1. Do the conditions hold for Glu66, that is, is it open to solvent by 60 Å² or more (accessible area, probe 1.4 Å), more than 17 Å from Arg488 (Cα to Cα) and under 18 Å from the mean Cα position of the chain (by Cα)?
2. Filter segment 522-558 for residues that are closer than 23 Å to Val379 by Cα, open to solvent by 50 Å² or more (accessible area, probe 1.4 Å) and hydroxyl-bearing (Ser, Thr, Tyr) and give the result.
3. Which ones in segment 483-500 are in contact with a Ser or Thr (Cβ under 7 Å, 6 or more places away or on another chain) and closer than 25 Å to Gly419 by Cβ?
4. Listed residues Pro64, Pro56, Pro49; which is closer than 20 Å to Gln139 by Cβ and either in contact (Cβ under 8 Å) with a residue 12 or more places away in the chain or of a type outside the set (Ser, Thr, Tyr) (or both)?
5. Every residue in segment 38-58 that is open to solvent by 40 Å² or more (accessible area, probe 1.4 Å) and closer than 15 Å to Phe293 by Cβ, please.
6. Could we say that Gly287 is more than 19 Å from Ile58 (Cβ to Cβ) and in a loop (DSSP other than H, G, I, E, B) here?
7. Collect the residues in segment 1-35 that are hydroxyl-bearing (Ser, Thr, Tyr) and buried (at least 19 other Cβ atoms within 10 Å of the Cβ), keeping them in residue-number order.
8. Is it true that Asp568 is closer than 30 Å to Arg17 by Cα and touching a helix residue (DSSP H, G or I) at 6+ places or on another chain (Cβ under 8 Å)?
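The values are calculated or read from the model by the stated rules, or taken from the named source; none is laboratory data. Note that the structure is a prediction, hence the values are computed from the model and not measured. As a convention, Cβ positions derive from the backbone with ideal geometry for all residues, glycine included, and neighbour counts pool all protein chains shown. Accessible surface areas use protein heavy atoms only, side chains included; no ligands, DNA or RNA. Shrake-Rupley method; radii C 1.70, N 1.55, O 1.52, S 1.80 Å.
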Amino acid sequence: RNTKRIAKEFEKGAGKRLHRELVELDEKNTHTSYISDPWFNMYLSAREPVVLNFNPFISLTPDPRETYNNQLVRATNLIISSIKFLKSLKHNYLRPDIYYGDPKWSESRLFKNFIRLLPTSVSWYGAYMVNAYPLDMSQYSRLFRSSRIPKLNKDELFTSECSRHLLVMRNGHFYVFDVLDSVDNILHPSEIVAHLIYIIQEADRLPEFALSYLTTEDRNIWATVRQQLLEAGNEENLKKIDSAIFCLCLDNIFPKDEDELSHCLLHGNGFNRWFDKSISLIITGDGRAGINFEHSWGDGVAVLRFVNEVYRNSTRHPALLPHSRSAETTVITCERLEFKLNDSIQSAIHVAHEKFAERKKKMSMKRFKFRKFGKDYIVKQRMSPDAIFQLACQITFYRQFGRVVPSYEACSTAAFKHGRTETIRPTSMLTKQCSQAIVEERGKHSVAELRNMIDECSKYHRRLQMEAALGNGFDRHLFALKHLAVSRGEPTPDFFLDTAYQKINHNVISTSTLQSPAVNLGGFGPVVSDGFGIGYHVSDTWLGCNATSYLDEELQEFLRCLEYSLNDIFDILEGRPLIP
């Protein structure tokens, strides 16, 4: 009742005024979205370390031909495919992201040629005529040649316009060499692999002080130490790191299973990563590949498109064959970056190393797969695969803890100019009712009644998905109203101080998904200390996730209960009564 009173007062008073001012501000800034600046500000002002707190990872599906999964072969092919993507983007050859209301137009050469001939100013309307909607691609400009630069209180994003070099890390050492020549041609594959061989042979031991641990630090501490690095004469080397096309991490690690691989890609050993780079391509000793990306500049949609294109090109049109030799006459132009480290910087590296080791030790991560059904089966039931997995998570938490909690699912708003994400709230009265029925009232409801509950949850979740994708969610709107008040030095309205608003933003279950044949798995750290981070995948024939938490025993029990919950859903959809 108190929350309802505060909400009504906000709606009629401060909220109404802030909304009017937000609309006016939005109308003055037609070049961007009302959420863009506040969202950048939120990420860049966060002082927590980016690793484990913000940077997600994506693991690429192995090359279908085993011999191409050699570390040097795969690294070379992925480098060349990545540079091809960069060149296509730079020269405006990259096919635009489009949502097709009628999928048949996605394969229509007539449609593509028609759109290509239209001036940019009217091409959107041409697409709209056939129920096709171009999506925002502004984030793509920061995929390459970009870094997050630590600054006191608020970081900055840096992007170089014309750098030609690649940053390669091996055993904590930094190397740079040009992969593009002066006229933008890509270095020959045999020359690239020759450089990589040189780096692997040269960087055969760890440095005494691994500089990259500093990127795992609190952002204000890292900003202070970076200033010391600049004053010690390391400016040129830092510029070469920040402006590199991307970071290639050649790991001397051979993960024994997917759990170890996930740990490797999410945080690794710390010394062979530069977590501030927009994207880092990681190749393990046995040729498994993945991406770790800094999150402030963009979201999974841009990275997924990059992963899809690079995976497809590197597997269908590999530039380097397994039996190819490196060019024996190659002149190695690789530069190893040497840093001047005074006692203060060395001490900061040591402290960062210890803190990072302690943090990663506390976090647990487990892989989960459920093989009884997948997307194909759920679609045949005329339900939403995403909704079914989200419902399973709700039932799971209720089964384990006997209550419902705030939950988060990310939804892209790329349909809007400079759109980022909106929140889908999977927790609802419908999911609570269904969870109670399945967990506590197993003998009270018929199979038909339980199936109807699941169906209602699916319909409601689809509605929430549609609302979020079309900009009709509430989270970003309220976030922008609060940001507007705070940025103008006004007292924070009571609405945002109310325990209900604070609780709903303490997301105990935080989820995200990226669906693609190129993606093997993905994940991220939990967003709260008592919660779970769930990167999930809905495949044609199975459901799975990478789950993280700082509560190891609770995480193991959560995944055990998740299997139990999915089995219950499967029994209900198959028409079998639940065993009390």
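1. no
2. Result: Thr541, single match.
3. Scanning segment 483-500 gives Ala485, Val486.
4. Details: Pro64 fails: closer than 20 Å to Gln139 by Cβ; Pro49 fails: closer than 20 Å to Gln139 by Cβ.
After ruling out the rest, the residue left standing is Pro56.
5. If the condition is that a residue be open to solvent by 40 Å² or more (accessible area, probe 1.4 Å) and closer than 15 Å to Phe293 by Cβ, then Asn53, Phe54 are the ones that fit.
6. Answer is no for this residue.
7. Selection gives Ser33, Tyr34.
8. Numbers: closer than 30 Å to Arg17 by Cα: no; touching a helix residue (DSSP H, G or I) at 6+ places or on another chain (Cβ under 8 Å): yes.
Criteria not met by Asp568.
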